[in-house]
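A.B. asks: Quick one: the structure is below, questions incoming.
Please treat every number below as a calculation from the coordinates, not as lab data. Only a predicted model underlies this, so the values are computations on that prediction, with no experimental measurement involved. All Cβ positions, even for glycine, are placed from backbone atoms using ideal geometry, and neighbour counts span all protein chains on display.
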Amino acid sequence: MTLIEHLTLVEETRSDINQKHDLVDVMFLVISAIMAGAEGWQDIETYGDAKADWLRRYRPFTHGIPRRHTIARILRCIVIESLLEALLEALLNWVNEHRTHHGKPIIAFDGKVLRGSYRNNATQAVQLVTAYDTENGLVLSQKATPSKKGEIATVRDMLDMLNLKGAVVTLDALHCQRETLEKIQDKKAHVVVQVKHNQPTLRKAVQSQFQAVFDARKEKVVVEHKETGQVARKSAMSFN
């Protein structure tokens, strides 16, 4: 679905006799103007007058460009929940389509505390979990979570929303959980996740697999470069 198709789903409270200007026309005008740098109702009206021909390529604007007071009055009649839902769906649709056409990106999931987001009590700080396309510099999704442990459920919700087919998903040790990894597998994505001492049995099993490769000398150096007198090597291994 296109942005305009998503906007047709937005609800409003205007009566039929007060609908001279089409709601989708007005929302498309406002979104276009804001993306072009408009900062107020007068700017939006000015933009509409200047770009009327371009706007009519996508919407009819049968009764012309509305005046600034009319624009404000129409927007106040929008059911805000339906607008947020439509914009979120449009954004996710664009994000998933964009990601699908750009090969096999690395998508990093990471939670961070927002600096300066609390007073006195650090437990009240805002914590955000972000899904970040590292190659394209694109934030695919971002959600708040009530605590560090709450990241687990938040990441799973984000995995449900995103199209991850063919991507490489990276996670820290907190998300080395069967349910989370199965979700990623169901999405037909690859995963890189840390294993730490809090999962001793799994960590020992992973170590034994790598140790067998080291002992057989099967690892291969795939990247080698010198920096400030030191040699850095990255190795690749295969497991049968």
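A.B. asks: Of V213, V129, V30, which is the most mobile in a GNM of the chain whose springs link Cα atoms less than 10 angstrom apart?
C.D. replies: Residue with maximal mean-square fluctuation among V213, V129, V30: V213.
A.B. asks: Let me ask something additional. Normalising by the residue count of the chain, find the relative contact order in percent from Cα pairs under 8 Å and 6+ residues apart.
C.D. replies: Contact order relative to length: 13 percent.
A.B. asks: Compute the angle between helix 41-50 and the longest alpha-carbon principal axis of the chain, please, reported from 0 to 90 degrees and rounded to the nearest 10.
C.D. replies: 80 degrees
A.B. asks: Right, next: Among M158, H197, L7, pick out the residue whose Cα is farthest towards the positive end of the charge dipole of the chain, where Lys and Arg carry +1 and Asp and Glu carry -1 on C-beta, about the Cα centre.
C.D. replies: Selected residue: H197.
A.B. asks: Given bins 5 angstrom wide, list per bin the percent of all Cα-Cα distances in the range 1-148, short to long.
C.D. replies: Percent of Cα pairs in each bin: 1, 8, 14, 14, 15, 13, 12, 11, 7, 3, 1, 0.
A.B. asks: Only counting other Cβ atoms within 10 Å, I'd like D160, D16 sorted with the fewest neighbours first.
C.D. replies: The most exposed by this proxy come first: D16, D160.
A.B. asks: Give the angle, between 0 and 90 degrees and rounded to the nearest 10, that separates the Cα long axis of helix 80-100 from the longest principal axis of the Cα atoms of the chain.
C.D. replies: For 80-100 against the chain, the angle is about 50 degrees.
A.B. asks: Taking other Cβ within 10 Å of each residue's Cβ, how do R76, R68, R57 sort, fewest first?
C.D. replies: R57, R76, R68
A.B. asks: Pick from A36, A52, A212: which is most flexible by mean-square fluctuation in a GNM of the chain where alpha carbon atoms under 10 Å apart are linked?
C.D. replies: Its mean-square fluctuation being the largest, the pick is A212.
A.B. asks: If we count other beta carbons within 10 Å of each Cβ, what is the order of T201, T154, T2, fewest first?
C.D. replies: Taking fewest neighbouring Cβ atoms as first place, the list is T201, T2, T154.
A.B. asks: Further question on the same structure: Pick from H63, H190, H21 the residue whose mean-square fluctuation is largest in a GNM of the chain, springs joining Cα atoms under 10 Å.
C.D. replies: With Cα springs under 10 Å in the chain, the top fluctuation among H63, H190, H21 is at H63.
A.B. asks: I'd like the orientation of helix 151-161 relative to the chain: the angle between its Cα long axis and the longest Cα principal axis, in ° from 0 to 90, rounded to 10.
C.D. replies: Long axis of 151-161 versus the principal axis of the chain: about 60 degrees.
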